[in-house]
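The values are calculated or read from the model by the stated rules, or taken from the named source; none is laboratory data. Please read these numbers as outputs of a predicted model, since none were measured by experiment. Methodologically, a virtual Cβ is constructed for each residue, glycine included, from the backbone with ideal geometry; neighbour enumeration extends over all protein chains shown.
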């Protein structure tokens with residue numbers, strides 16, 4: 001799996017959300033997408049998941065250009081946005097069965113039951129999604145990814161709602177995904193958490209790429225660049 | 001084949017949600033009957049003219065009820081960004097269109113099945129034997145309404161003043177359906193013979209076929225814009 | 001690029017002058033040269049303005065259709081601007097047509113508005129145009145607004161023949177076609193200068209239409225250029 | 001209102017409306033032309049660089 005982003009920019013009306021981004025993701029990478037609010041992180045995630053189309057430049061997955069018609073490519077892309085992408089009126093099992101059928105994955109009810117068990121939602125499997133807490137909805141999103149097995153997994157600030165057990169669950173899954181040759185791109189503000197598992201960090205500011213380095217142990221360059229974005233007084237040891 | 005399977009799944013999802021919440025079906029049903037009463041008070045229809053005015057009033061009630069249904073059509077997709085979830089998936093966008101057309105058609109036919117006889121009772125009309133053929137004309141008209149209405153429901157999905165904009169765009173384009181359905185029903189009521197209305201029905205079927213194909217092809221670009 | 005701009009600018013000025021000339025000649029023919037109609041008298045002269053403006057209204061709707069189809073197919077901003085300009089001018093000509101129709105109707109039938117087939121059709125056309133422009137103004141996102149308007153443009157045009165058929169059938173149902181109606185051209189006893197007047201006025205309207213269209217199109221193009229300059233100016 | 005009255009009324013409205021529209025488009029033409037030339041000369045605003 002290889003994702004190539006060439007000269008990517010996206011404008012909303014008169015404002016540039018992303019300006020001339022060039023990136024290259026290899027299999028097995030876990031990319032931390034960092035930056036202040038409004039830096040363009042969510043826009044980049046939406047472009048990568050083909051929910052938005054670039055104003056200039058292009059994104060290619062395994063040398064196939066991502067454009068409007070590429071529905072085949074989409075089955076390899078997953079977007080985990082906690083609290084979203086589920087029908088409140090359906091039960092957990094119905095939601096999973098529905099999305100499985102859309103991705104034309106053949107999963108038996110037992111497999112769905114078993115996946116719900118691994119994410120610890122077994123005894124809610126017949127409840128409506130509306131009755132779940134946001135943390136549990138995020139676990140349901142993880143269950144969905146477990147079933148759909150995306151190659152490129154995009155995450156939009158999952159840490160905000162997960163409890164300790166949930167975080168371990170998520171990070172275990174991300175590790176397994178990377179071992180199977182998948183790519184993980186996570187936009188988050190929980191810097192200390194993501195730095196423990198990411199293989200590379202990217203910092204965006206006002207739509208431009210200002211930092212892109214693989215992780216190394218004494219990471220002074222990262223600390224220098226990222227210091228201005230930390231809340232005052234917070235010091236962390238990477 | 002894949003298209004049909006996905007359509008059925010989306011339809012299953014919509015019907016399940018509707019069965020549980022029953023918000024659209026009840027709202028549309030009571031709105032339809034409410035309109036009948038309002039017409040009764042507004043028009044003071046003398047007994048002998050009731051037959052002549054019945055098709056017009058009935059179809060007007062279905063038009064407004066259908067518009068109510070159309071504004072609610074993508075409501076489930078608006079919650080939790082579920083539309084993004086569908087667009088994320090490799091599903092064929094046209095199957096979403098098919099499912100929504102059938103869903104809205106199903107709702108409207110259900111309403112018509114009840115409101116038709118109710119109208120007959122309220123305005124104590126005779127011609128009970130003509131009801132099936134009248135219902136067939138209304139069926140063709142409802143198909144035309146759903147085919148075009150679903151597309152415009154998607155067109156105005158992210159527009160401001162969505163509920164006002166949808167009828168404003170849809171009704172002028174629905175004029176052939178309105179004329180054909182009402183005139184067709186009127187002829188049947190007057191002459192009692194179904195064959196008389198064939199010219200209007202051909203127009204109606206032409207409308208349905210043309211705009212079903214156009215909607216089927218264009219829907220993908222509209223929903224992904 | 002600049003070369004073609006000058007050429008189009010000059011081309012536009014030429015059409016403008018030609019249009020003006022034809023309008024003046026047309027006025028002369030319509031008001032002075034052509035004899036009054038045997039039945040309707042002087043008021044029939046409104047036909048020399050009414051018929052050309054109907055055709056221009058339908059022409060502009062056809063251009064909206066072409067622009068919309070091209071835009072949906074190739075997604076170039078240029079086609080969208082063409083459709084938008086044609087729609088704006090189309091609304092103008094359609095409303096003028098309706099005003100003339102009712103002014104013509106007043107002396108001939110004594111009422112400002114009759115559900116005459118042609119007046120009704122023009123009114124429906126105006127409603128579709130208004131819907132088209134309203135939709136575009138109510139969608140924030142540029143690209144989405146353009147795509148949705150293009151869809152209305154295409155479907156509106158495809159619906160015209162069906163609307164025509166249903167309205168004419170509906171009309172013949174109610175009112176048998178009388179001889180003396182504004183939309184029935186009195187071909188039997190037509191005087192040659194009447195034909196000339198109609199032809200000249202028709203040419204005047206078409207020339208004026210294309211002059212206005214290319215001017216409005218140019219304004220649209222420049223507005224687009226201003227936007228890209230502001231956008232790229234900032235990012236370069 | 002005599003027959004000629006109606007004719008002049010119709011012609012008057014048509015040409016007046018077209019003239020007003022022409023003026024409106026011309027005004028927008030000049031306005032956007034000025035804006036364009038000012039933008040081109042200053043090489044684009046540095047507003048959101």
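Among the residues of segment A:93-113, are any more than 21 Å from residue A:147 (Cβ to Cβ) and without any contact (Cβ under 8 Å) to a residue 40 or more places away in the chain? No: zero hits.
Is it the case that segment B:120-139 has a residue that's modelled with pLDDT of 90 or more, crowded, with 18+ Cβ neighbours inside 10 Å and facing another protein chain (nearest Cβ under 9 Å)? For segment B:120-139, residues modelled with pLDDT of 90 or more, crowded, with 18+ Cβ neighbours inside 10 Å and facing another protein chain (nearest Cβ under 9 Å): absent. Check whether at least one residue in segment A:128-145 is surrounded by fewer than 17 Cβ atoms within 10 Å (Cβ to Cβ) and under 17 Å from residue A:35 (Cβ atoms), and report yes or no. Checked against the condition, which is being surrounded by fewer than 17 Cβ atoms within 10 Å (Cβ to Cβ) and under 17 Å from residue A:35 (Cβ atoms), segment A:128-145 yields no hits at all.
Condition check for residue B:109 on (1) surrounded by fewer than 21 Cβ atoms within 10 Å (Cβ to Cβ); (2) under 30 Å from residue B:224 (Cβ atoms); (3) within 14 Å of chain C (Cβ to nearest Cβ): one failure, at (3). When you check residue A:67 against the structure, is it surrounded by fewer than 16 Cβ atoms within 10 Å (Cβ to Cβ) and part of a loop (DSSP other than H, G, I, E, B), yes or no? Judged against the criteria, residue A:67 is a match. Residues in segment C:93-127 that are touching a residue at least 60 places away in the same chain (Cβ under 8 Å) and either more than 14 Å from chain B (Cβ to nearest Cβ) or buried (at least 22 other Cβ atoms within 10 Å of the Cβ) (or both): C:93, C:101, C:104, C:105, C:107, C:108, C:116, C:118, C:122, C:125. No other residue among B:115, B:101 is over 22 Å from residue B:8 (Cα atoms), surrounded by 19 or more Cβ atoms within 10 Å (Cβ to Cβ) and within 14 Å of the chain's Cα centre (by Cα) apart from B:115.
Residue count for segment C:21-57, restricted to those that are over 17 Å from residue D:12 (Cβ atoms), surrounded by fewer than 18 Cβ atoms within 10 Å (Cβ to Cβ) and touching a residue at least 12 places away in the same chain (Cβ under 8 Å): 6.
Residue-wise test of (1) farther than 17 Å from residue C:31 by Cβ; (2) modelled with pLDDT of 90 or more; (3) within 7 Å of chain C (Cβ to nearest Cβ).
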position	(1), (2), (3)
D:19	yes, yes, no
D:24	yes, yes, no
D:28	yes, yes, yes
D:49	yes, no, yes
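The residue that is nearest to residue A:68 (Cα to Cα), among those in segment B:63-85 that are without any contact (Cβ under 8 Å) to a residue 40 or more places away in the chain and within 7 Å of chain A (Cβ to nearest Cβ), is B:84. Taken across segment C:139-156, residues that are exposed (fewer than 15 other Cβ atoms within 10 Å of the Cβ), at pLDDT below 80 and at negative phi do not occur at all.
Residues considered: B:165, B:157, B:173, B:179. Of these, the only one that is without any contact (Cβ under 8 Å) to a residue 40 or more places away in the chain and more than 20 Å from residue B:203 (Cα to Cα) is B:165. For segment A:42-50, the criterion of being crowded, with 17+ Cβ neighbours inside 10 Å, farther than 21 Å from residue C:231 by Cα and over 12 Å from the mean Cα position of the chain (by Cα) is met by at least one residue.
Taken over segment B:189-202, the criterion of being at pLDDT 90 or above and surrounded by 22 or more Cβ atoms within 10 Å (Cβ to Cβ) is satisfied by B:200 alone. If you go through segment B:185-208 and pick out every residue that is part of a helix (DSSP H, G or I) and more than 11 Å from residue C:166 (Cβ to Cβ), you end up with 16. Looking across segment A:11-30 at every residue that is without any contact (Cβ under 8 Å) to a residue 60 or more places away in the chain and over 30 Å from residue A:179 (Cβ atoms), the one that is surrounded by the most Cβ atoms within 10 Å (Cβ to Cβ) is identified as A:11. Restricting the search to segment A:136-165, which residues are part of a helix (DSSP H, G or I) and without any contact (Cβ under 8 Å) to a residue 40 or more places away in the chain? Those that are part of a helix (DSSP H, G or I) and without any contact (Cβ under 8 Å) to a residue 40 or more places away in the chain: A:136, A:139, A:146, A:164.
For segment A:85-116, filtering for residues that are at the interface with another protein chain (Cβ under 10 Å from one of its Cβ atoms) and either assigned to a loop (DSSP other than H, G, I, E, B) or closer than 20 Å to residue B:90 by Cα (or both) leaves 16.
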